[in-house]
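The values are calculated or read from the model by the stated rules, or taken from the named source; none is laboratory data. No experiment lies behind these values; they were computed from the predicted model shown. Because the Cβ atoms are built from the backbone with ideal geometry, glycine has one as well, and the counts that use them run over all protein chains shown.
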Amino acid sequence: MMRLPPFEYRAPVSVADAVKLMGDHGPDAMLVAGGTDLYPNMKRRQFEPKVLVGLRGIKGLVGIRGSAATGLFIGSGTTLTVTAAHAEVAAHYPALATAAGLVSTPQLRNMGTLGGNVCVDTRCNYYNQSYQWRKAVDFCMKKDGDICLVAPGSPRCWAVSSSDTAPVLWSMGATVTLSGPGGERRIPIAGLYQDDGIVYLSKRPDEVLTEIALPPAADLRSAYLKLRRRGSFDFPVLGVAAALRMDGDVVREARIVLGAVASLPREAVDAGALLVGRRLTAELIDEAAGVASRPSKPLDNTDLTHPYRKKMTRVFVTRALRRLAGLPERADDGGAGA
Ligand SMILES: Cc1cc2nc3c(=O)[nH]c(=O)nc-3n(C[C@H](O)[C@H](O)[C@H](O)COP(=O)(O)OP(=O)(O)OC[C@H]3O[C@@H](n4cnc5c(N)ncnc54)[C@H](O)[C@@H]3O)c2cc1C
Ligand code: SF4
């Protein structure tokens with residue numbers, strides 16, 4: 001049995017206290033929300049913080065306010081279960097309800113938070129292993145080693161962004177509020193991520209993500225499709241989020257964001273641009289899906305083969321857009337479930 005290493009647990013009741021504790025302990029400290037990702041990672045010694053600053057006692061981080069008409073504000077400590085079941089989310093931001101409802105298992109969704117999901121660690125077959133396994137292959141640069149075992153000549157880590165909700169929130173144009181020693185700032189969620197498997201977040205380690213804001217849902221249509229081996233609890237090895245704002249049957253705004261194909265969610269910018277100002281026909285969807293699959297460049301470091309994941313990008317974008325167009329999903333477009 002793998003055991004947690006010793007650590008000190010601090011339980012602030014305000015964001016200001018959490019930020020102060022993070023500052024006091026510097027690189028020795030990490031934030032923990034539901035702990036559903038961090039604790040297993042600590043058992044494998046992927047992280048060895050001496051101090052954990054727990055966010056569960058901060059009441060102000062929990063809950064959903066606002067409305068689809070004015071925009072929704074979701075506290076980072078709101079669980080995935082609550083997010084997925086929330087009536088406004090389910091009715092007006094269905095891709096978010098789908099993504100939150102597809103994360104891991106019911107038990108972990110009851111503990112896991114939306115903020116934790118947005119900040120969840122990147123993954124790689126050579127890294128999400130026990131300490132003994134990693135030691136046997138002489139470790140890798142993400143933790144305890146010097147080289148990348150996927151791309152040995154590479155100066156960087158290519159671990160994969162594996163959050164289900166991040167691509168969805170990006171596609172919807174969500175913003176996040178960060179509280180740090182210098183005060184509070186709000187940034188587009190797209191700016192929270194950077195293309196590095198190790199330092200995958202642009203925020204400072206002592207900044208607490210407090211809130212996720214969704215813009216008003218007028219004319220918004222959204223869909224999320226997830227590829228994984230076991231439908232019961234696997235991480236995504238491909239996620240496709242599509243969000244469109246429509247004027248009747250003409251696309252006014254479009255964002256397609258791919259998950260699990262890079263160290264950050266990757267927006268298929270050209271495919272989105274191709275859709276704008278046009279009617280969402282089957283022919284246009286086919287063309288856009290081809291363009292959307294170009295920035296999908298999965299490596300051989302997660303489950304299922306990378307050529308298959310690349311191929312399924314086009315299939316899933318087609319399915320997502322056909323769903324948003326009200327067209328039937330084609331029966332002959334591949335065998336994987338969403
Ligand atoms: C078996 C298993 C299957 C899983 N399957 C999936 C899956 O299918 N899809 C998926 O997306 N995830 C999956 N996960 C990962 C995890 O359960 C979820 O991502 C969950 O949402 C993490 O939320 P949490 O509150 O538990 O985060 P924690 O584990 O508490 O934290 C995760 C990371 O986020 C940071 N963090 C947490 N909250 C904040 C905050 N407010 N501000 C700043 N930083 C913060 C922590 O420091 C840590 O680095 C799985 C985990 C397991 C064990
Ligand atoms: S991509 Fe390379 S450095 Fe990063 S976790 Fe995998 S093997 Fe390690």
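Select from the stretch 204-233 the residues that are among the charged types (D, E, K, R) and surrounded by 17 or more Cβ atoms within 10 Å (Cβ to Cβ) and write down the one among them that is nearest to ligand 2 (Cβ to nearest atom). The selected residue is 228. Within the stretch 272-283, residues that are in a helix (DSSP H, G or I) and crowded, with 19+ Cβ neighbours inside 10 Å have Cβ atoms under 9 Å from residues that are modelled with pLDDT of 95 or more and among the basic types (Lys, Arg) in these pairs: 272/255, counting only partners at least 6 apart in sequence or on another chain. Which is farther than 23 Å from residue 180 by Cβ and either among the small types (Gly, Ala, Ser) or in contact with a Pro (Cβ under 7 Å, 6 or more places away or on another chain) (or both), of 76, 67, 14? Only one candidate qualifies: 67. Filtering the stretch 206-251 to residues that are touching a helix residue (DSSP H, G or I) at 6+ places or on another chain (Cβ under 7 Å) and within 30 Å of residue 51 (Cα to Cα) leaves 206, 208, 209, 210, 212. Is it the case that residue 128 is within 16 Å of ligand 1 (Cβ to nearest atom), in contact with a Lys or Arg (Cβ under 9 Å, 6 or more places away or on another chain) and not acidic (Asp, Glu)? Spelling it out, residue 128 is indeed within 16 Å of ligand 1 (Cβ to nearest atom), in contact with a Lys or Arg (Cβ under 9 Å, 6 or more places away or on another chain) and not acidic (Asp, Glu).
Report yes if residue 149 is within 16 Å of ligand 2 (Cβ to nearest atom) and either of a type in the set (A, V, I, L, M) or surrounded by 20 or more Cβ atoms within 10 Å (Cβ to Cβ) (or both), otherwise no. The answer is yes for residue 149. None of 148, 140 is touching a Pro at 6+ places or on another chain (Cβ under 9 Å) and free of Cβ contacts under 8 Å to residues at least 24 places away in the same chain except 148.
Among the residues making up the stretch 163-200, those that are hydrophobic (A, V, I, L, M, F, W, C) and either more than 15 Å from the chain's Cα centre (by Cα) or more than 30 Å from residue 218 (Cβ to Cβ) (or both) are 178, 187, 198, 199.
You will find that of 123, 156, the residue that is under 22 Å from residue 33 (Cα atoms), of a type outside the set (Ser, Thr, Tyr) and within 10 Å of ligand 2 (Cβ to nearest atom) is 123 and no other.
The rows are residues; the columns are (1) among the hydrophobic types (A, V, I, L, M, F, W, C); (2) surrounded by 20 or more Cβ atoms within 10 Å (Cβ to Cβ); (3) within 16 Å of ligand 2 (Cβ to nearest atom); (4) modelled with pLDDT under 95.
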{"site": "72", "(1), (2), (3), (4)": "yes, yes, no, no"}
{"site": "78", "(1), (2), (3), (4)": "no, yes, no, no"}
{"site": "81", "(1), (2), (3), (4)": "no, no, no, no"}
{"site": "89", "(1), (2), (3), (4)": "yes, yes, no, no"}
{"site": "95", "(1), (2), (3), (4)": "yes, yes, no, no"}
{"site": "99", "(1), (2), (3), (4)": "yes, yes, no, no"}
{"site": "105", "(1), (2), (3), (4)": "no, no, no, no"}
{"site": "108", "(1), (2), (3), (4)": "yes, no, no, no"}
{"site": "113", "(1), (2), (3), (4)": "no, yes, no, no"}
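Within the stretch 70-103, can you find the residues that are within 11 Å of ligand 1 (Cβ to nearest atom), in contact with a helix residue (DSSP H, G or I) (Cβ under 8 Å, 6 or more places away or on another chain) and under 15 Å from residue 236 (Cβ atoms)?
80, 99, 100, 101, 103 - these are the residues of the stretch 70-103 that are within 11 Å of ligand 1 (Cβ to nearest atom), in contact with a helix residue (DSSP H, G or I) (Cβ under 8 Å, 6 or more places away or on another chain) and under 15 Å from residue 236 (Cβ atoms).
For residue 131, state whether it is crowded, with 22+ Cβ neighbours inside 10 Å, farther than 23 Å from residue 241 by Cα and within 16 Å of ligand 2 (Cβ to nearest atom). Judged against the criteria, residue 131 is not a match.
Pairs meeting the criteria (first residue in the stretch 294-307 and in contact (Cβ under 8 Å) with a residue 60 or more places away in the chain, second residue surrounded by fewer than 16 Cβ atoms within 10 Å (Cβ to Cβ), beta carbons under 8 Å, at least 6 apart or on different chains) are 299/151; 301/125; 302/125; 303/125; 303/229; 304/229.
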